[in-house]
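Colleague: Take this structure, written in structure tokens, and hold onto it; I'll ask about it next.
The values are calculated or read from the model by the stated rules, or taken from the named source; none is laboratory data. This is a predicted model, so every value here is computed, not measured. Note that each Cβ is placed from the backbone with ideal geometry, even for glycine, and that neighbours are counted across all protein chains shown. Surface areas here come from the heavy atoms of the whole protein model, side chains and all, with no ligands, DNA or RNA. Shrake-Rupley method; radii C 1.70, N 1.55, O 1.52, S 1.80 Å.
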Amino acid sequence: MLDNINQLLLRNPDLLKAKAPLFINLPIDDFFEEYHALHPQAVMTCYNTNYQSHLQAKRLDLTQMTAVFNVYYQSKTAHDLVIIQFPKSKAELTFMLAMIKESIANECLVLVVGENKSGIKSLAKLTEQQLGDCAKIDAARHCLLFASNILATQESFILDDWLKPYSFMIKDTSVDVVALPGVFSQNGLDIGTQVLLENLPKKITGELLDFGCGAGVIASYLGKVFPEIKLHLLDVSALALYSAQATLKLNNLTGHVFPSDSLSDVKGKYDYVISNPPFHQGLKTNYQATETFLSKIKPHLKPKGQVTVVANSFLRYQPIMEEAIGRTQVLAKQKGFSLYHCSI
């Protein structure tokens, strides 16, 4: 099976010829095997900031492809072709283009592909300082394909320059946050997290897991309010994990920050699990990771372990928690969000 984006790419085989192509956040499917069949000598690199996609890419087990998961891409390889899926966040695209300019050949074709509704139609205007000769090449299956090249620039890429700061205060506790482009609530405290933090149980102790930590907002607040707890933070996004680590450091906190596809890499047991779980992946609504988390978290709870989750009130997470974990209370209903709490 091929995603619509990858079908559009394969309609243009002449554009795909390369010695060292770099694929950035493309859907993981049969495209890579078909590409290898078309260009068996090409040495492919598949770079993903999404851990789930990275694991899928590794499972393809292609000898001519290296799968990379990291906050940013660095390589001594001079890539002569870069293909980028247009991201949900336009700021993330400018971040990616700035990042790769030190890892490309002098003559490098840059292809940007995305769904019509992604905002890709504004690509030329959005990237006028970064891309030259930006032209629409093809359109099919509700997707667009643009070809361009990266403009020469003398500016060096410094990762921390892309961290956007903000602060918030709840109940006399102030937290400083930094977040990279594309990370949830990069511009300020979101309403769901605010509802959660304003209605927390009065005491939280022991080992705490922040599931889908984003920029580390929840864990950092809890680390300040309950300084004796041990913090563990997971997310599927490399950009989020780096941001969370930076936020912890900014607040003089420490924690175990690690990637996981839902609970794929969770090994420990926790006294407390807390989350403002994501339900979007890319442009599509996706509840699967959160539903898997809720239905399978119980074995990762210590005796008397507790789970607190905030979610849009229309999401039916309470019955899942009731069945999989235990009796579930609604601690608060505010601003379109519900705060659920249960214990085993």
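Colleague: If you go through the range 80-111 one residue at a time, how many are closer than 28 Å to Ser185 by Cα and either in contact with a Cys (Cβ under 8 Å, 6 or more places away or on another chain) or among the small types (Gly, Ala, Ser) (or both)?
Modeller: 3
Colleague: For the range 1-17: of the residues being surrounded by 13 or more Cβ atoms within 10 Å (Cβ to Cβ) and either of a type in the set (Asp, Glu) or free of Cβ contacts under 8 Å to residues at least 40 places away in the same chain (or both), which is farthest from Ala37 (Cα to Cα)?
Modeller: Asp3
Colleague: So, one more: Which of the residues spanning the range 192-225 are of a type in the set (A, V, I, L, M, F, W, C) and open to solvent by 20 Å² or more (accessible area, probe 1.4 Å)?
Modeller: Leu200, Val225
Colleague: Could you tell me which residue of the range 202-234 is farthest from the chain's Cα centre (by Cα), considering only residues that are in contact (Cβ under 8 Å) with a residue 60 or more places away in the chain and assigned to a strand (DSSP E or B)? Walk me through how you get there before you give the answer.
Modeller: Initial filter on the range 202-234 (in contact (Cβ under 8 Å) with a residue 60 or more places away in the chain): 204-212, 214.
If we keep only those that are assigned to a strand (DSSP E or B) as well, we get 207-211.
Values: Glu207: 24, Leu208: 21, Leu209: 18, Asp210: 15, Phe211: 13 Å.
Among those that are in contact (Cβ under 8 Å) with a residue 60 or more places away in the chain and assigned to a strand (DSSP E or B), it is Glu207.
Colleague: Something else: Does the range 220-232 include one or more residues that are under 18 Å from Ser53 (Cβ atoms) and modelled with pLDDT of 95 or more?
Modeller: Step one: list which residues in the range 220-232 are under 18 Å from Ser53 (Cβ atoms), which gives none.
No.
Colleague: Here's another thing I want to ask about it. Restricted to the range 268-288, and to residues that are among the charged types (D, E, K, R) and modelled with pLDDT of 95 or more, which residue is most open to solvent (accessible area, probe 1.4 Å)?
Modeller: Restricting attention to the range 268-288, the residues satisfying the condition of being among the charged types (D, E, K, R) are 269, 271, 284.
Then drop every residue that is not modelled with pLDDT of 95 or more, which leaves 269, 271.
On the way: Lys269: 112, Asp271: 43 Å².
Filtering first and then ranking leaves Lys269.
Colleague: Does any residue in the range 145-169 that is touching a residue at least 12 places away in the same chain (Cβ under 8 Å) and within 30 Å of Leu189 (Cα to Cα) come within less than 7 Å, Cβ to Cβ, of a residue that is among the charged types (D, E, K, R) and assigned to a strand (DSSP E or B) six or more places away or on a different chain, and which pairs are these?
Modeller: Pro165/Asp176
Colleague: Regarding the range 125-142, can at least one residue be identified that is of a type in the set (Lys, Arg), over 23 Å from Gly255 (Cα atoms), open to solvent by 20 Å² or more (accessible area, probe 1.4 Å) and touching a strand residue (DSSP E or B) at 6+ places or on another chain (Cβ under 8 Å)?
Modeller: Looking only at the range 125-142, we keep the residues that are of a type in the set (Lys, Arg), and these are 125, 136, 141.
The next check asks that each one be over 23 Å from Gly255 (Cα atoms); those that pass are 125, 136, 141.
Then keep just the ones that are open to solvent by 20 Å² or more (accessible area, probe 1.4 Å); that gives 125, 136, 141.
Next cut, touching a strand residue (DSSP E or B) at 6+ places or on another chain (Cβ under 8 Å) only: 136.
Within the range 125-142, one or more residues are of a type in the set (Lys, Arg), over 23 Å from Gly255 (Cα atoms), open to solvent by 20 Å² or more (accessible area, probe 1.4 Å) and touching a strand residue (DSSP E or B) at 6+ places or on another chain (Cβ under 8 Å).
Colleague: In the range 317-335, which residue that is touching a strand residue (DSSP E or B) at 6+ places or on another chain (Cβ under 7 Å) and open to solvent by less than 50 Å² (accessible area, probe 1.4 Å) is farthest from His300 (Cα to Cα)?
Modeller: For the range 317-335, the residue satisfying everything is Ala332.
Colleague: Going by the conditions given, is Ser174 at pLDDT 95 or above, open to solvent by 60 Å² or more (accessible area, probe 1.4 Å) and in a strand (DSSP E or B)? Don't jump to the end; show me each part of the working.
Modeller: Working: at pLDDT 95 or above: yes; open to solvent by 60 Å² or more (accessible area, probe 1.4 Å): no; in a strand (DSSP E or B): yes.
When the stated conditions are applied, Ser174 does not pass them.
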